[in-house]
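We did not get these values from a lab; they are worked out from the coordinates using the rules stated. All figures in this text were calculated on a predicted structure; none of them were measured in a lab. Methodologically, a virtual Cβ is constructed for each residue, glycine included, from the backbone with ideal geometry; neighbour enumeration extends over all protein chains shown.
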Amino acid sequence: MSNTATLEVNGQKHELPLVTGTENEVAIDVKALRGATGGVITIDPGYKNTGSCESGITFLDGEKGILRYRGYSIEDLAEKACFLEVAYLLIFGELPTKEQLDKFYADIKAKSVVDDDVRKIVDAFPKTAHPMGVLSSLTSALTAFNPSSVNVDSEEAMYNSVVKIMGKFPVLVAWTMRKQQGLPLDYGDSNLDYVENVLKMMFKKPNEEYVQNDIIVRALNKLLILHADHEQNCSTSTVRIVGSSHAGLFASLSAGISALWGPLHGGANQAVLEMLEAIKEDGGDTKKYMAKAKDKSDPFRLMGFGHRVYKNFDPRARIIKKAADEVLGDLGVEDPILDIAKGLEQEALTDDYFVQRKLYPNVDFYSGIIYRAMGIPVDMFTVMFALGRLPGWIAQWREMRLRKEPIGRPRQLYIGENLRPFKDIENR
Ligand code: CMC
């Protein structure tokens, strides 16, 4: 195969280099295009065909339904690893040895105390505030309490920021839920493992001893691993682009959390559950909602279906569907919306509209059913997604800084008014 692409603009030919990734994906390098053509740019709203960076973290083949972190299949990781090992893998590139993992966790625990003044910020929010808004604000506020995390030029300074946020973020996650429920803001227990500690911080009642449920611990481990990274999605691209201005890690993450909140992205897990509930309340008529999803004059979309890059099964959805059956079975929970979800999936998989557009269930279709069975409130679902995505965002931010990527600054094609004379206010 030739290693250039030829582009003809206004009768003049330009040779553009082709670059090939380790999985043989090919990209046309347009870095020199504007200079060579005297100002011509490429345009691609939504970046459907545009690679924003080279990355060695996550490989995804949407046609074949493949997802790998640092070369390891998502199926293997979800089955065999714990969340903290996966976090280490994503951030530092290799699975940790026992010593590396112990040190990583010890460093995280050493930095996990959140300044007590942050409680005052939590107190100032109304109980009705959406936890994603609270989480994004608190993450941003951490910068004020840790000013040294803003300018990170050495790997050591970067490491310190990484362990700080890995330690403090679960505390913030728990506090957003406890605030909503009127429970005292508490710290966890350093003797527990990372995921056990998250659950204890969320669910411990002030007047009862907390008892860990291994089924729930295993289920959360799996869900967090499945959400841990997904290459250049909306929130990750946001983290990279904010970080590219050398805004600190916490500010970049806060922006990523806001991006994740939207119902077309991480907010879909909440939207799916609300949709399934609405279908149940409406008598469980899945056909009616299938028709609404296909009706172009109706804004309704089948939440949890479709994906920008997966045009085949989302491999995470397969694992989560199986986990939903297992977790609900193990916990002895019977939830009628699981049947509604399965019914909708079955109909969609054989429906021309969905088949032609290659719309399959995505990671969010079944995750909410598991979260609900675990006792997590619906508006905390996207917060749980953020907790899982944290190591991925950190890894992508760190990679961007270590590769010394330039500030992200897309161009545009201007389609507004041409130069016109200013009109005085009385003449407008
Ligand atoms: N229900 C009904 N029709 C759909 C859906 C859906 N969920 N998703 C896509 N379509 C249709 C869409 O109307 C369009 O039809 P047409 O070609 O006739 O105009 C076609 O399929 C292509 O859709 P698109 O919106 O151009 O595709 P996109 O790549 O821009 O959007 C998406 C991807 C995920 C935003 C979209 O599929 C969607 O809105 N899904 C529902 C929300 C959701 O579940 N989001 C979670 C994504 S996975 C978790 C994460 O990583 O954030």
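Side notes on the structure shown:
- Prolate/oblate/rounded call for the stretch 211-303, Cα gyration tensor, a/c under 1.5 rounded: oblate
- Unit Cα scatterers, Debye sum, the stretch 138-195: log10 I(q)/I(0) for q = 0.28 Å⁻¹: -1.15
- Unsatisfied cross-links (Cα-Cα over 19 Å) in the set K200/K222; K103/K164; K179/K204; K321/K342; K64/K342: K64/K342
- Using a Förster distance of 45 Å, the FRET efficiency for N427-D44 (Cβ separation, nearest 0.05): 0.65
- Overall Cα dimensions of the stretch 209-261 - principal axes, largest extent first, Å: 45, 25, 17
- Amide proton proximity set for F305, modelled H, under 5 Å, gap of 5+: N362
- Potential lengthening of the chain between R308 and E417 amounts to 35.9 nm, from the contour at 0.36 nm per residue minus the alpha-carbon distance.
- Cα-based reach from K322 at 17 Å (exclusive), listing aspartates and glutamates while leaving out same-chain residues under 8 positions away: E75, D76, E79, D314, D330, E334, D335, D339, E345, D364
- Summed side-chain charge close to L84 - residues other than L84 whose Cβ falls under 13 Å, Lys, Arg +1, Asp, Glu -1: -2
- For the stretch 349-428, chymotrypsin sites (Phe, Trp or Tyr not before Pro) are listed when DSSP marks them as loop and at most 10 other Cβ atoms sit within 10 Å of their Cβ; the list is Y414, F422.
- Using θ = phi - 60° in the Karplus curve 6.51 cos²θ - 1.76 cosθ + 1.60, the 3J(HN,Hα) couplings for the stretch 48-58 round to 5, 10, 10, x, 8, 6, 9, 9, x, 9, 10 Hz; x is entered for Gly and Pro.
- By the beta-carbon count within 10 Å of each Cβ, the least crowded to most crowded order of Y88, Y159, fewest first, is Y159, Y88.
- Cα gyration tensor, the stretch 299-403 - rounded (a/c under 1.5), prolate or oblate: oblate
- Based on alpha carbons, the Rg and Dmax found for the chain are 23.4, 78 Å.
- Point-charge dipole on Cβ atoms (K/R +1, D/E -1) for the chain, about Cα centre, debye to 20: 1040 debye
- Rounded to the nearest Hz, the phi-derived 3J(HN,Hα) couplings of the stretch 260-272 under the Karplus curve 6.51 cos²θ - 1.76 cosθ + 1.60 (θ = phi - 60°) are 5, 4, x, x, 7, 10, x, x, 5, 5, 5, 4, 5, where x marks glycine and proline.
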